[in-house]
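Notes for the one structure printed next.
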Amino acid sequence: TMYTKFSGHPDEHAKDQKAIEENPKDVQIVGGIVREITERLLETNIGLGSSGTFGSYVFTSSENFKGLLFQMMKEAKVKLRLHSWVVDVIQEKDTIKGVVLESKSGRQFVPAKQFVDTTGDGDLAAQAGVPFTIGVTKDDICAKKTNIGDMTNPGVMFKLGNVDLNRTFAWLTESPECFGMQGFARFSLEEAKERYEKGEMSTMIVRANKVPDWFQIYNQPDEGVVTLCCPCVKDIDGCDSDQLTRAEVIIADMVNRWVTTIKKLPGFEKAFLLNCPEIGVRETRHIQGDYVLNLMDIYEGKDFKDSIGLGSHPIDTYPRPAWLNDPETAYPPRWYFKIPYRSLVAKGKENLLIAGRCISATHEAFGCIRPTVQCMITGEAAGTAAALCIQEKTIPRALDIDLLQKTLKNREVLL
């Protein structure tokens with residue numbers, strides 16, 4: 001999500017869409033491995049972009065995406081170990097010596113020189129004793145309007161098969177009041193229909209006549225398949241197994257009710273549930289790093305000298321300051337932000353980096369960090385930094401930032 005600079009205003013968004021078609025580098029914010037993955041998705045027709053290149057989003061089947069990643073890791077000779085949990089961390093003072101894994105094979109100790117925590121929940125860092133916050137903190141502007149510790153609700157995106165979007169668009173042409181424009185894509189009904197017919201990413205919000213529910217619909221590379229977003233469960237702690245179990249039961253019932261209701265839409269009458277993954281936890285721990293990224297750093301586009309990449313996803317947390325509530329005026333034209341390396345360096349540890357949604361950020365800033373592309377950007381930077389630390393015989397905190405940035409630039413990462 002969000003491969004290009006974000007424009008909240010529809011006129012600027014239209015300019016960006018034209019730039020994507022004519023010269024995408026004018027608005028592109030990603031390079032490196034992220035761009036390589038995306039280009040391979042598009043080249044093999046298992047991803048949908050805009051005009052054959054990046055768009056605000058790139059849609060792909062999760063199974064095809066997973067297959068591509070396995071293929072790329074095989075090409076890079078990555079040694080994989082799946083179906084394993086980190087259950088303990090072995091340390092000497094502030095240096096991690098290894099992790100204890102639990103799996104079907106039993107318990108195993110795995111030593112390493114450098115560690116990168118991309119668990120989403122910061123499991124390794126938390127077990128290593130790195131301080132963290134959960135959800136909203138007193139440092140968030142929204143703290144006055146909500147409870148300290150409140151977290152963004154988990155949810156799920158599920159797929160339907162046997163959908164005839166041609167019939168859906170024909171019906172919407174006759175019933176335009178049932179069509180809604182997505183905030184991040186801002187496609188009109190005519191644009192959404194045209195992009196779908198051209199085999200590009202297309203998204204809309206739709207409801208049936210006399211049905212109050214609105215459905216976010218995303219097309220997929222496979223004809224007849226769509227993704228829906230996103231039933232959510234309130235008041236769930238993603239680090240509590242009992243609460244996650246309860247959430248799975250609730251979400252299964254919610255998805256069943258959604259499928260029953262959406263079959264009232266023309267083109268969805270014969271649809272069936274194709275895939276529903278386990279519930280997607282959006283927010284739990286924010287691991288503390290050498291720098292805590294905050295809302296104003298992002299909103300004002302702070303010029304971090306240790307930038308390791310760019311992001312542009314809107315600030316997707318609630319509640320939030322009133323001046324962010326209107327997407328027409330909330331962001332400057334072609335808005336983006338820098339991500340500092342220091343937010344990837346775990347506080348108080350000599351050989352631990354963090355990447356993904358659990359990097360060092362406030363609740364509000366996390367709303368821009370958690371989507372896929374930003375997680376991939378921080379992941380590439382953390383992995384590169386860990387390798388350089390081994391090569392240079394140093395620790396992440398002392399790593400020469402110029403060397404890291406030069407290495408990332410050589411891989412065509414945009415800083």
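A few notes on this one:
- Any hit, region 100-108, residues being in a strand (DSSP E or B) and buried (at least 18 other Cβ atoms within 10 Å of the Cβ): yes
- Selection status of Arg285, in contact with a Cys (Cβ under 9 Å, 6 or more places away or on another chain) and closer than 20 Å to Gly122 by Cβ: yes
- Restricting region 189-215 to residues that are open to solvent by 30 Å² or more (accessible area, probe 1.4 Å) and part of a loop (DSSP other than H, G, I, E, B) leaves a set whose member that is modelled with the lowest pLDDT is Lys210.
- Any hit, region 112-119, residues being open to solvent by 80 Å² or more (accessible area, probe 1.4 Å) and assigned to a strand (DSSP E or B): no
- Pair list, Cβ < 9 Å and 6+ apart or interchain, from region 62-75 residues that are free of Cβ contacts under 8 Å to residues at least 24 places away in the same chain to residues that are assigned to a helix (DSSP H, G or I) and among the basic types (Lys, Arg): Gln71/Arg40
- Count of region 15-36 residues which are at pLDDT 90 or above, in contact with a Gly (Cβ under 9 Å, 6 or more places away or on another chain) and in a helix (DSSP H, G or I): 3
- The listed residue being under 19 Å from the mean Cα position of the chain (by Cα), buried (at least 18 other Cβ atoms within 10 Å of the Cβ) and more than 22 Å from Ile148 (Cα to Cα), out of Ile251, Ile308: Ile308
- Which listed residue is assigned to a helix (DSSP H, G or I), under 24 Å from Leu408 (Cβ atoms) and either open to solvent by less than 50 Å² (accessible area, probe 1.4 Å) or in contact with a strand residue (DSSP E or B) (Cβ under 7 Å, 6 or more places away or on another chain) (or both), from Leu42, Leu69: Leu42
- Members of region 216-248 found to be outside any loop (DSSP other than H, G, I, E, B), out of contact with any Phe, Trp or Tyr (no Cβ under 8 Å at 6 or more places or on another chain) and not small (Gly, Ala, Ser), listed by number: Gln216, Ile217, Cys230, Cys232, Asp242, Gln243, Leu244, Thr245, Arg246, Glu248
- Filtered residues of region 134-160 (kept if closer than 21 Å to Gln243 by Cα, of a type in the set (A, V, I, L, M) and open to solvent by less than 30 Å² (accessible area, probe 1.4 Å)): Val136, Val156
The values are calculated or read from the model by the stated rules, or taken from the named source; none is laboratory data. Here the structure is a predicted model, which means the values were calculated and not measured. Note that each Cβ is placed from the backbone with ideal geometry, even for glycine, and that neighbours are counted across all protein chains shown. Surface areas here come from the heavy atoms of the whole protein model, side chains and all, with no ligands, DNA or RNA. Shrake-Rupley method; radii C 1.70, N 1.55, O 1.52, S 1.80 Å.
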